[in-house]
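**Student:** I'd like to ask you about the structure that follows.
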Amino acid sequence: MAAEASHVLSGVSAAEPIHVFGTDQAGRHDLPGAAFAVRVHGAQVGLANGPAGNAYAVPFRDTDCRLLPLKLISAYVKEFIQYVAAHPQDTFQVMRFACGANAYDDAKLAVLFATAPNNCLLPGVWQRCLDRKLSARVLLFDPTTRLKEPAWRERVKRYLELNQPLWNVPAVELVSFGAARSVVANDVLARGLGLKHRIMGANDSYYGRDSVLAAEAKAVWYSTHFLSLCDFDQTAQPSQIRITGTAVSGGLHMDQIDVNADD
């Protein structure tokens, strides 16, 4: 594990990177991620390819919402990369698209962006595809704040020590978002283990009422792994269902620990 902790707060400035999202060739933007781009980032319905507002659309489905051939998606991505190179003063945040069930592997999409300039930020999952030396970025979800307890910090420590070799990563970085009590507990864990800790803050000035959802989405986008500490004897809370679904759609390596289970 890393020798020295580093604690970084992200997503709290008024400005946000240009939001790059996947859509269909009709520019309907009715997929969940694309609809969010319309509502929050100013993406324009009917514009299937290119910039609008604080967003950039990249088609990966045809007008009948069928998955496009990888060669055609690659052509759209090359056009986007040229646009990025021509706008070095801007930062572009590419959301994961065209991957998952009945679509392409993450590695096949990630390689399309391999030549993108440094002002193009890729999802953590795609970064891992392009650089196997990247740390595992573990998004910790601890709704009942079990990590306030030393015994639970020790339990997660053992989990990370066991899995880091299995993940074949040189280091682990913790990722947090949400309630202050959970973030503080995660930070105590990170400091105790000497790990980097990325905290995704809510950017109220940009996202308004969507700031919490945006912080969750950004945490998933940045991460490569998801670890949930949950009580399976209780009914799942809406926040638990939502963040778990977001992590699945984000392509994260998923794992859960039942707080009632013995070691």
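Bear in mind that the values in this text are calculations on the coordinates, not laboratory data. Owing to the predicted nature of the structure, the values given are computational and were not obtained by experimental measurement. Positions of Cβ are generated from backbone atoms using ideal geometry, with glycine treated the same way; all protein chains shown enter the neighbour counts.
**Student:** Using only the alpha-carbon atoms, how far is helix 70-85 inclined from the longest principal axis of the chain? Give it as 0 to 90 degrees, nearest 10.
**Tutor:** 90 degrees
**Student:** Still on this structure, I have one more. If you place +1 on the Cβ of every Lys and Arg and -1 on the Cβ of every Asp and Glu, how big does the dipole about the Cα centre of the chain come out, in debye to the nearest 20?
**Tutor:** Working: 25 positive and 26 negative charges, 83 e Å.
In debye, rounded to 20, the chain gives about 400.
**Student:** Can you work out ³J(HN,Hα) from phi for every residue in region 189-195, in order, using Karplus 6.51 cos²θ - 1.76 cosθ + 1.60 and θ = phi - 60°, giving whole Hz and x for Gly and Pro?
**Tutor:** The phi angles translate into 4, 4, 5, x, 9, x, 9 Hz.
**Student:** Report the charge-dipole magnitude of region 18-130 in Debye, nearest 20, computed about the Cα centre from +1 at each Lys and Arg Cβ and -1 at each Asp and Glu Cβ.
**Tutor:** With only Lys, Arg, Asp and Glu charged at Cβ, the dipole is about 120 debye.
**Student:** Could you give each residue of region 218-230 its phi-based ³J(HN,Hα) in whole Hz, using Karplus coefficients 6.51, -1.76, 1.60 with θ = phi - 60°, and x for Gly or Pro?
**Tutor:** 5, 5, 5, 4, 6, 7, 10, 9, 9, 10, 10, 9, 10
**Student:** With an 8 Å Cα cut-off and a minimum separation of 6 or more residues, compute the relative contact order for the chain in percent.
**Tutor:** Normalised by residue count, the contact order of the chain is 22 percent.
**Student:** Now for a separate question. Report, in degrees rounded to the nearest 10, the 0 to 90 angle that the Cα long axis of helix 32-41 makes with the longest principal axis of the chain.
**Tutor:** The two axes meet at around 80 degrees.
**Student:** Please work out how much length the chain gains when fully extended from Thr63 to Ser249, using 0.36 nm per residue of separation minus the C-alpha to C-alpha distance, in nm with one decimal.
**Tutor:** 64.7 nm
**Student:** Enter the mean projected area of the convex hull around the alpha-carbon atoms of the chain, in nm², rounded to one decimal.
**Tutor:** Across all orientations, the chain yields a mean hull projection of 14.1 nm².
**Student:** Then there's this: Pulled fully out, how much extra length does the chain show between Trp167 and Ala15, if you take 0.36 nm times their separation in residues and subtract their Cα-Cα distance?
**Tutor:** Net length gain for the segment: 51.3 nm.
**Student:** Please give the contour-minus-distance gain from Ala180 to Val212: 0.36 nm per residue of separation, less the Cα-Cα distance, rounded to one decimal in nm. Provide the component values of the computation, followed by the final result.
**Tutor:** Working: separation 32, 0.36 × 32 = 11.52 nm, distance 1.25 nm.
Result for the pair: 10.3 nm of gain on full extension.
**Student:** Under a 5 Å amide H to amide H cut-off, with H placed in plane at 1.01 Å, what residues pair with Gly100 once short-range neighbours are removed?
**Tutor:** Asp106
**Student:** List the extent of the Cα atoms of region 18-130 along each of their three principal axes, largest first, rounded to whole Å.
**Tutor:** Sorted from largest, the Cα extents of region 18-130 read 32, 31, 21 Å.
**Student:** Which of Ser223, Ser239, Ser176 moves most in a GNM of the chain, Cα contacts under 10 Å?
**Tutor:** Ser239
**Student:** Follow-up. Given H placed on each backbone N at 1.01 Å, which residues far from Thr91 in sequence or on other chains put an amide H within less than 5 Å of it?
**Tutor:** For Thr91, whose amide H was placed from the backbone, the distant partners under 5 Å are Ile18.
**Student:** For the chain, what does the helix formula give at 222 nm: sum of -39500 (n - 2.57) over DSSP H segments with n ≥ 4, over the residue count, nearest 500 deg cm²/dmol?
**Tutor:** On the way: 9 runs with 98 residues, N = 263.
Taken over the chain, the calculation gives -11000 deg cm²/dmol.
**Student:** When we measure straight from the Cα of Lys157, which lysines land under 29 angstrom away, once same-chain ones fewer than 8 places off are left out?
**Tutor:** Lys133, Lys148, Lys196, Lys218
**Student:** How high is the relative contact order of region 18-130, in percent, counting Cα pairs under 8 Å that sit 6 or more residues apart?
**Tutor:** The normalised contact order for region 18-130 reaches 25 percent.
**Student:** With both partners inside the chain, how many of the DSSP beta bridges are antiparallel, as a percent to the nearest 5?
**Tutor:** Numbers: 4 of 39 bridges.
Rounded to the nearest five, the antiparallel share is 10 percent.
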